[in-house]
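Below: the structure, in structure tokens.
The values are calculated or read from the model by the stated rules, or taken from the named source; none is laboratory data. Computed from a predicted structure; not experimentally measured. Every residue, glycine among them, receives a Cβ derived from its backbone with ideal geometry; neighbour counts consider all protein chains shown.
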Amino acid sequence: MTALASAGSVAAVPPRFAPFRRKPIDPAGAAAEGRPAGEGQGHEATVIGGAPGPGLRRVLGTGQLTLLGVGAIVGAGIFSSIGQMAAGSADAPGAGPALVISYALTALTCLLAALCYAEVAALVPTAGSAYSYAYTAFGEVWAWIIGWDLIIEYAIGNVYVAQSWSDYFRSFLRGAAGLELPAWLATDLQTAAADPAIRAVAPHLGGQVLAVNLPAAGITALLTVLLVVGIRESARVNSLLVLFKLALLVVFIAVGARYVEPAHWRPFAPNGWRGIWTGASLAFFSYIGFDAISTTAEETRQPQRTLPRAMLASLVLCAVLYVATAVVMTGLVPSRDLATGDPLALALRRAGLDHLATLMAFGAVLAVTAVLLVFQLGQTRILMVMARDGLLPPLFARLHARRRTPVAATVLTGAFVAVASSVLTPAQALELTSIGTLFAFVVVAGGVIALRVREPERPRPFRCVGYPFTPIASMATSFILMLGLPATNWWRFAVWLVAGLCVYWGYGRRHSRLAAPGGAAAPPK
């Protein structure tokens, strides 16, 4: 073993199939030197047409990144799924007014995860988020697993977000113009088949009810076009949307607090610790966003400093807003009545604030639009990096010659979300997204420890506070929250991962750039 470790020529050429070969960290650091993202270790880009060219544009600063994070965090989680977490469902007991504890517990877990993300993001300033971190810390097969898992976090997560957008859009049309969009044109197939009221009015084909979530598909298509246009334009639109929805939440808290009825807070925890635990597990969906920032590392100026600052700032700001919103909402309406797609608007209507409820529905449409935008952005960048490493077809890594955006990855992601919005139920999409996110948190926290052990002397622009307690606690709390999810969700997650390993075995392992002769694998430790 000593001889192998000392033989540089042997380590430089990895075997044909070595699933735990690691991708080395660029010692020069393309980001530190200000080189274009297309330069450096593995960052060359291919434009449409096959010619090599510069990579993604570095145009984002701390302010824009923070707003991107807030744009992803504050959205469907606070405007829609907050009601389901409070009221519960058939297989997930509600937290009730104790939802504030659920949010606080999740915020603590996310803070631990954010500190881990910040260290690795500063050390490995490349697009790909947890996928790239797993590649450098654990090796290729783990990178593939987490990359496949991130499809659940971003693409499936966006399915739920698009469905929530559809609910609020219908609510806004109803309140502002008195228009009622037929339910079968704004719901998924499973829900339509199970709802007698929808089945009665929906068209049928061969005895099967027909339904399509048209608003969800429409907004997904619109944002797909925007993301193809360019990152600078997308960031500007996101910043405007975020500032508006933050103002709207402040208004909800300030005005709603005047109508709170303390009797609605009793019983505080109707389902005990089980309800709080399940609520905290599902609340993870509400905090996805700070990790989405890391997918834009190659479009960020000075990412070693900018990424950690933006991650932590967006998380803290949103945690405060979430707890305050949960307190007011559960004080306006009994928790059992909040199982709806637009709980904040419902709470305002129950308080007699119909005009503000309509404004809330409009604000939620804009708020959820920002989430859709950032989630779509994150998914396309992860697919791009996986293709750049050879684990996915090169089509996903090709950039538009002028816009410098991954066109194929963006269009295919948009098409997937648009179609899946009419297939999956909101509950299925929400639960899959939560378990996928928690799994990513576990891997990133483990990566901090692995890289500290393997490369202790490497300079770290940001060091995780409280090491090794913080990454260990992050892994433990994330796994505990995973255990709070329904058993059916674990089965779906397992099936998804097995399917992903089959794709890796059939394509990724044979096209991996590190598997090629002369591939730059990290030396064994």
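Data overview
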| quantity | calculated |
| --- | --- |
| Complete set of residues in the stretch 110-166 that are touching a strand residue (DSSP E or B) at 6+ places or on another chain (Cβ under 8 Å) and of a type outside the set (Ser, Thr, Tyr) | Pro125, Ala162, Gln163 |
| Near pairs, Cβ below 8 angstrom, 6+ apart or cross-chain, from the stretch 197-222 (free of Cβ contacts under 8 Å to residues at least 12 places away in the same chain) to any residue that is part of a helix (DSSP H, G or I) and surrounded by 19 or more Cβ atoms within 10 Å (Cβ to Cβ) | Arg199/Ala192 |
| Matching residues, the stretch 269-316, being within 13 Å of Ala107 (Cβ to Cβ) and assigned to a helix (DSSP H, G or I) | Gly279, Ala280, Ala283, Phe284, Ser286, Tyr287, Leu312, Ser314, Leu315, Val316 |
| Test result for Ala254, assigned to a helix (DSSP H, G or I) and either in contact (Cβ under 8 Å) with a residue 60 or more places away in the chain or over 27 Å from Tyr160 (Cα atoms) (or both) | yes |
| Meets criteria (under 20 Å from the mean Cα position of the chain (by Cα), closer than 24 Å to Ile288 by Cβ and among the basic types (Lys, Arg)) for Arg381 | yes |
| Candidate set: the stretch 367-407, residues that are without any contact (Cβ under 8 Å) to a residue 24 or more places away in the chain and part of a helix (DSSP H, G or I); chosen: the one farthest from Ala134 (Cα to Cα) | Leu395 |
| Output for the stretch 322-355, where each listed residue is closer than 25 Å to Asn238 by Cβ and surrounded by fewer than 20 Cβ atoms within 10 Å (Cβ to Cβ) | Val323, Ala324 |
| Candidates Val327, Val323, filtered to the one that is of a type in the set (A, V, I, L, M), over 27 Å from Ala176 (Cα atoms) and under 22 Å from the mean Cα position of the chain (by Cα) | Val323 |
| Matching residues in the stretch 280-338 - criterion: being among the aromatic types (Phe, Trp, Tyr), at pLDDT below 85 and within 16 Å of Ala95 (Cα to Cα) | Phe284, Phe285 |
| Any hit, the stretch 236-258, residues being crowded, with 24+ Cβ neighbours inside 10 Å, closer than 24 Å to Leu108 by Cα, over 23 Å from the mean Cα position of the chain (by Cα) and modelled with pLDDT of 85 or more | no |
| Qualifying residue in the stretch 503-525 (condition: hydrophobic (A, V, I, L, M, F, W, C) and within 21 Å of the chain's Cα centre (by Cα)) | no |
| Every residue from the stretch 171-222 that is in a helix (DSSP H, G or I), exposed (fewer than 11 other Cβ atoms within 10 Å of the Cβ) and not hydrophobic (A, V, I, L, M, F, W, C) | Pro196 |
| Thr330 vs. criteria of a type in the set (Ser, Thr, Tyr) and within 15 Å of Ile253 (Cα to Cα) | yes |
| Complete set of residues in the stretch 116-150 that are assigned to a loop (DSSP other than H, G, I, E, B) and more than 25 Å from Leu312 (Cβ to Cβ) | Gly139 |
| Among (1) farther than 19 Å from Val161 by Cα; (2) surrounded by 21 or more Cβ atoms within 10 Å (Cβ to Cβ); (3) not hydrophobic (A, V, I, L, M, F, W, C) - the single one Arg403 does not satisfy | (2) |
| Selected residue (criterion: nearest to Leu514 (Cα to Cα)) from residues of the stretch 125-147 that are surrounded by fewer than 24 Cβ atoms within 10 Å (Cβ to Cβ) and hydrophobic (A, V, I, L, M, F, W, C) | Val141 |
| Single residue of Trp505, Trp491 found to be closer than 15 Å to Gly436 by Cβ and among the aromatic types (Phe, Trp, Tyr) | Trp491 |
| Residue list for the stretch 94-134, filter: under 30 Å from Leu338 (Cα atoms) and polar (S, T, N, Q) | Ser102, Thr106, Thr109 |
| Selection within the stretch 391-413 - hydroxyl-bearing (Ser, Thr, Tyr) and touching a Ser or Thr at 6+ places or on another chain (Cβ under 7 Å) | Thr410, Thr413 |
| Unmet criterion (only one of (1) crowded, with 24+ Cβ neighbours inside 10 Å; (2) over 24 Å from Gly157 (Cα atoms)) for Val368 | (2) |
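The rows are residues; the columns are (1) in a helix (DSSP H, G or I); (2) in contact with a Phe, Trp or Tyr (Cβ under 9 Å, 6 or more places away or on another chain).
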position	(1), (2)
Ala450	yes, yes
Glu457	no, no
Arg460	no, no
Ser474	yes, yes
Leu485	no, yes
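Matching residues to (1) surrounded by fewer than 17 Cβ atoms within 10 Å (Cβ to Cβ); (2) over 15 Å from the mean Cα position of the chain (by Cα); (3) among the hydroxyl-bearing types (Ser, Thr, Tyr):
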| site | (1), (2), (3) |
| --- | --- |
| Ser421 | no, yes, yes |
| Leu432 | no, no, no |
| Ile449 | no, yes, no |
| Val453 | yes, yes, no |
